[in-house]
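Asker: Would you mind keeping the following structure in view while I ask a few things?
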Amino acid sequence: MVKSGKIIYKSYQDYNGFLDKIEKDIEAITKAIDYQIKKKKAAEYRKLGPKERVKLLMNGTKSHVKSLKKHLAAAEGRMILMRKANLKLIVDAADAQDNWDKMASHSDSAISGEAKKARELAGRTKRKVEKFAEKKADFDKLKREAETQMARLEKTGEFTSEKVSGLIKFAQDHENTANFILTAIKALVTSGKKIAKAVK
């Protein structure tokens, strides 16, 4: 279980890193658009048609859009890894809770107390891990909105970065969850070893 926890923690760290990169990509796109709009205004003596306007904007944002697509795909990869490790932990925590629940009635009060604590910890870990589904939903929303905005940029030359940036900020509370899960798993394993040793 500790190994799974480390995988989750590393994936969370990587995911947070990609969120930072996504935010920078969006800032770069916004700055490029602002710059191109300024250039267009400076050249207002020559009216640009819709296709020319989009072409002008795409010239300034193409590399940033490419980077954003790359970082979104990488972040999604980390989310898939986390989901796999989280599903395993849910099963492990459920098994541990069943076993420790049986141990709670043991005649040795120290073992019984340890079992009760471990059972509570298993339950908390399971609930915390299940909240990952909400984080995944946040990421899916972020990805959809970013893709919508990139398609809009390519079609019309407009990009609403505030929508995407707001979603990024909304999704950036993963590190605390990862730290909790790792600590909880270590405690679960330690408690399990203590109980197993005592009943041999």
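The values are calculated or read from the model by the stated rules, or taken from the named source; none is laboratory data. Computed from a predicted structure; not experimentally measured. Reconstructed Cβ throughout: ideal geometry from the backbone, glycine too, with neighbour counts over all protein chains shown. For the accessible areas, the whole protein counts, side chains as well, though only heavy atoms, and no ligand, DNA or RNA atoms are used. Shrake-Rupley method; radii C 1.70, N 1.55, O 1.52, S 1.80 Å.
Asker: Can you pull out every residue in the stretch 126-162 that is among the basic types (Lys, Arg) and closer than 16 Å to Val65 by Cα?
Answerer: Step one: filter the stretch 126-162 for residues among the basic types (Lys, Arg), giving 126-128, 131, 135-136, 141, 143-144, 152, 155.
Within the stretch 126-162, Lys143, Arg144, Arg152, Lys155 qualify.
Asker: Another question, then. Under the condition of being within 11 Å of Asn86 (Cβ to Cβ), part of a helix (DSSP H, G or I) and at pLDDT 75 or above, which residue from the stretch 113-134 is least open to solvent (accessible area, probe 1.4 Å)? Steps first, please.
Answerer: Going through the stretch 113-134, the residues within 11 Å of Asn86 (Cβ to Cβ) turn out to be 125-126, 128-133.
Pick out the ones that are also part of a helix (DSSP H, G or I) and you get 125-126, 128-130, 132-133.
If we keep only those that are at pLDDT 75 or above as well, we get 132-133.
On the way: Phe132: 13, Ala133: 65 Å².
Going through the qualifying residues, I end up with Phe132.
Asker: So Ser161 ticks every box in (1) open to solvent by less than 50 Å² (accessible area, probe 1.4 Å); (2) modelled with pLDDT under 75; (3) not hydrophobic (A, V, I, L, M, F, W, C) but one. Which box is left unticked?
Answerer: It fails just one condition, (2).
Asker: Picking from Ala110, Ala137, which residue would you name as being open to solvent by less than 90 Å² (accessible area, probe 1.4 Å), assigned to a helix (DSSP H, G or I) and modelled with pLDDT of 70 or more? Steps first, answer last, please.
Answerer: Details: Ala110 fails: modelled with pLDDT of 70 or more.
The unique qualifying residue is Ala137.
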